[in-house]
Amino acid sequence: MENLVLKKLVIFGVGLIGGSVASALKKAGCVTEIVGVGRSNESLQTAIDLNVIDSATSNIAEAISHADIVLIAAPVAQTPLIFASIKPYLDTNTIVTDAGSTKSDVMACAKEILGDKFSQFVGGHPIAGAEKSGVTAAKADLYLNKNVVLTPNHSTSAHAVQRVRELWQLCGANVTEMSAETHDSIFAAVSHLPHLLAFALVDDIASRSNAEQLFGFAASGFRDFTRIAGSHPEMWRDISLANKTALLNEITAYQNELSRLKQMLENSDGDALHALFERASTARNNWAKLKEQ
């Protein structure tokens, strides 16, 4: 890990995720130049002013010329366009990776668009974030002791995987590997569904005629459950659509659980309610203890 020294890192999407990678690598002192590419000149200038990146450009050929690693940290719906824009200028020595929250779609897209350069691509997903988005929310320790999942397949260069692994380890992350399909199934259940539930509850409350009164009495329970509803709307729209199949399966499973809960209430079945709450409470507390270790 200590041997990774990047002469040039290019980041597409210098927001919370990409900006935090840049900040962490600068802090580690292992990168000479970081170039930002994005849709907003104002945001890129802010990133330069904050010393998150060294320069910014809209010239793709210039941006990725002699780059060691290209990190795509933009919303997942932008990934195909970014692949297409870099393909003509992609050197065989340049490694490409991403930070998207869905992986099957990204891997398929990379294979289709990058073609004979697909082996240079390593799918990645850092399991870290915050309600706030944008480069002003970036911080060097965002990935400290957090999980990062890489999703290489049989075509992926082992050297590329190792270099991307080292990059995330220098950010302080714990890196694991799994298939893209396994990744999407897991995160539909433990990340994507919870976000949809939080968004749906807040939207329901906000649409009611007495919304102001309801929000006025909402306290810590509502705050904790709905915290993630303050997340980036564009990003979560793209994630939901990209992982639609797995997410629909999880919504169905959750609807079935709600139906069972509703039946218990209709039947005034206190024993069944208590048993469900007990199982859930035990599972939640055991999980919390493991996370603290």
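The values are calculated or read from the model by the stated rules, or taken from the named source; none is laboratory data. All of these numbers come straight from a predicted model, not from anything done at the bench. Methodologically, a virtual Cβ is constructed for each residue, glycine included, from the backbone with ideal geometry; neighbour enumeration extends over all protein chains shown.
Can you say whether ILE186 is closer than 22 Å to MET107 by Cα, within 28 Å of the chain's Cα centre (by Cα) and assigned to a helix (DSSP H, G or I), as far as the supplied structure shows? Don't jump to the end; show me each part of the working.
Details: closer than 22 Å to MET107 by Cα: yes; within 28 Å of the chain's Cα centre (by Cα): yes; assigned to a helix (DSSP H, G or I): yes.
Against the criterion (closer than 22 Å to MET107 by Cα, within 28 Å of the chain's Cα centre (by Cα) and assigned to a helix (DSSP H, G or I)), ILE186 qualifies.
Scan region 9-30 residue by residue and report those that are outside any helix (DSSP H, G or I) and within 23 Å of the chain's Cα centre (by Cα). Walk me through how you get there before you give the answer.
Step one: of region 9-30, the residues outside any helix (DSSP H, G or I) are 9-15, 29-30.
Within region 9-30, LEU9, VAL10, ILE11, PHE12, GLY13, VAL14, GLY15 meet the criteria.
Taking the residues in region 11-45 that are within 24 Å of SER101 (Cβ to Cβ) and of a type in the set (S, T, N, Q) as candidates, determine which candidate is modelled with the lowest pLDDT.
SER40
Run GLU166 past the list (1) more than 30 Å from LYS117 (Cα to Cα); (2) out of contact with any helix residue (DSSP H, G or I) (no Cβ under 8 Å at 6 or more places or on another chain); (3) at pLDDT 95 or above and report the number of the one that doesn't hold.
(1)
Evaluate the following for ASP238: is it in a helix (DSSP H, G or I), closer than 23 Å to LEU16 by Cβ and in the same structural domain as ALA188 (by TED's automatic domain parsing)? Spell out how you get there, then give the answer.
Working: in a helix (DSSP H, G or I): yes; closer than 23 Å to LEU16 by Cβ: yes; in the same structural domain as ALA188 (by TED's automatic domain parsing): yes.
When the stated conditions are applied, ASP238 passes them.
Does ASN51 count as at pLDDT below 95 and at positive phi?
Numbers: at pLDDT below 95: yes; at positive phi: yes.
Yes.
Filter region 143-171 down to the residues that are among the small types (Gly, Ala, Ser) and either surrounded by fewer than 18 Cβ atoms within 10 Å (Cβ to Cβ) or outside the structural domain of LEU71 (by TED's automatic domain parsing) (or both) and list them by number. Working first, answer last.
The initial filter retains those residues of region 143-171 that are among the small types (Gly, Ala, Ser), namely 155, 157-158, 160.
Residues satisfying the conditions are SER155, SER157, ALA158.
Considering only region 106-116, state which residues are closer than 15 Å to ALA84 by Cβ and either crowded, with 18+ Cβ neighbours inside 10 Å or aromatic (Phe, Trp, Tyr) (or both).
VAL106, CYS109, ALA110, ILE113, LEU114
Taking SER207, is it free of Cβ contacts under 8 Å to residues at least 40 places away in the same chain, over 29 Å from CYS109 (Cα atoms) and surrounded by fewer than 19 Cβ atoms within 10 Å (Cβ to Cβ)? If you could, list the steps in order and put the result at the bottom.
Values: free of Cβ contacts under 8 Å to residues at least 40 places away in the same chain: yes; over 29 Å from CYS109 (Cα atoms): yes; surrounded by fewer than 19 Cβ atoms within 10 Å (Cβ to Cβ): yes.
So SER207 fits the description; yes.
Looking at (1) buried (at least 24 other Cβ atoms within 10 Å of the Cβ); (2) touching a residue at least 40 places away in the same chain (Cβ under 8 Å), find the lone condition where LYS27 falls short.
(1)
Restricting region 219-241 to residues that are among the hydroxyl-bearing types (Ser, Thr, Tyr) and surrounded by 14 or more Cβ atoms within 10 Å (Cβ to Cβ), which is farthest from ALA198 (Cα to Cα)? Before the answer, list the steps.
Looking only at region 219-241, we keep the residues that are among the hydroxyl-bearing types (Ser, Thr, Tyr), and these are 220, 226, 231, 240.
Filter once more, so that each one left must be surrounded by 14 or more Cβ atoms within 10 Å (Cβ to Cβ): 226, 231, 240.
On the way: THR226: 5, SER231: 10, SER240: 13 Å.
Taking the candidates together, the pick is SER240.
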